[in-house]
Amino acid sequence: MAKTITINPGIGSSIAGTHATALAKIQWDQSTIDAKVGLLLRKRIEQCVKLAAEVAAENMEDIAIPSDPYEFPHRQTGALADSITHDVNGMLFDVRGRFGILYTHADDGTYLIYALYLETGTVKMLPRPWLALTLDEVWDDWQKILGGSAAPDLSNTPMQFSVEG
């Protein structure tokens, strides 16, 4: 549904040294603008969670010895790093992205509960908080991606400008 704003600077108002007596009307299709802004938001969230999944997997080095506490876990079998993924759900302004271990088993059937044990630690093992370390590493990039200055392309959005008076 088209929306209309009428701007009336008022008779006798001074705009750039002239007296304005005209009405300006702007009409637009709000649903089209919402869809384009929602698509831009979804794309940016997708960029964020994809980046985090890539960084998490890349930081798990192929070193045969166990990792030190509070560092990224080392790659022993590769099942954990190979199972890190991301997804984005929702529409318009209710978009949610996530990354990490989104399934309970790897492709080879490996049970992935140990990803949680690595993150939080156990009574016998100090944590290797790979999710927290990943968030710390990508946080500034996320701020740049989400706060980017790229405006949605509204060039094909039905808008009408008219001046009356």
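No lab work stands behind these numbers, since they all come straight from the coordinates. Bear in mind the structure is a predicted one, so any value in this text is a computation, not a measurement. Cβ sites come from the backbone with ideal geometry, for glycine too, and all protein chains shown count toward neighbours.
Which whole-number percent is the relative contact order of region 33-153 (Cα, under 8 Å, 6+ apart)?
Working: 173 pairs, mean separation 35.5, N = 121.
Result for region 33-153 is 29 percent.
Please give the net charge around Q143, taking every other residue with its beta carbon less than 14 angstrom from that of Q143, where Lys and Arg add +1 and Asp and Glu add -1.
Values: positive: R44, K144; negative: D136, E137, D140, D141.
Taking every Cβ under 14 Å from that of Q143, the sum is -2.
Just want the answer: with Cβ charges of +1 for Lys and Arg and -1 for Asp and Glu, which residue in L92, T77, M60 is farthest toward the dipole's positive end in region 33-153?
Value computed over the given set: L92.
Mind listing the phi-derived Karplus ³J(HN,Hα) values for region 36-53, rounded to whole Hz, using 6.51, -1.76 and 1.60 with θ = phi - 60°, and x for any glycine or proline?
6, 5, x, 5, 5, 4, 4, 4, 5, 5, 4, 4, 4, 6, 5, 4, 4, 4
Excluding G90 itself, calculate the net charge of residues whose Cβ lies under 9 Å from the Cβ of G90, where each Lys or Arg counts +1 and each Asp or Glu counts -1. Kindly include the intermediate steps, with their values, before the conclusion.
On the way: positive: R42, R96; negative: D94.
Charge balance in the 9 Å sphere: +1.
By the scheme Lys and Arg +1, Asp and Glu -1, what is the net charge of all other residues having a beta-carbon under 15 Å from that of R128? Let's see the in-between values first.
Values: positive: R75, K124; negative: E61, D68, E71, E119, D136, E137.
Net of charged neighbours comes to -4.
About the Cα centre of region 33-153, what is the dipole size in debye to 20, counting +1 per Lys and Arg Cβ and -1 per Asp and Glu Cβ, all else neutral?
Numbers: 11 positive and 19 negative charges, 80 e Å.
Around 380 debye, computed over region 33-153.
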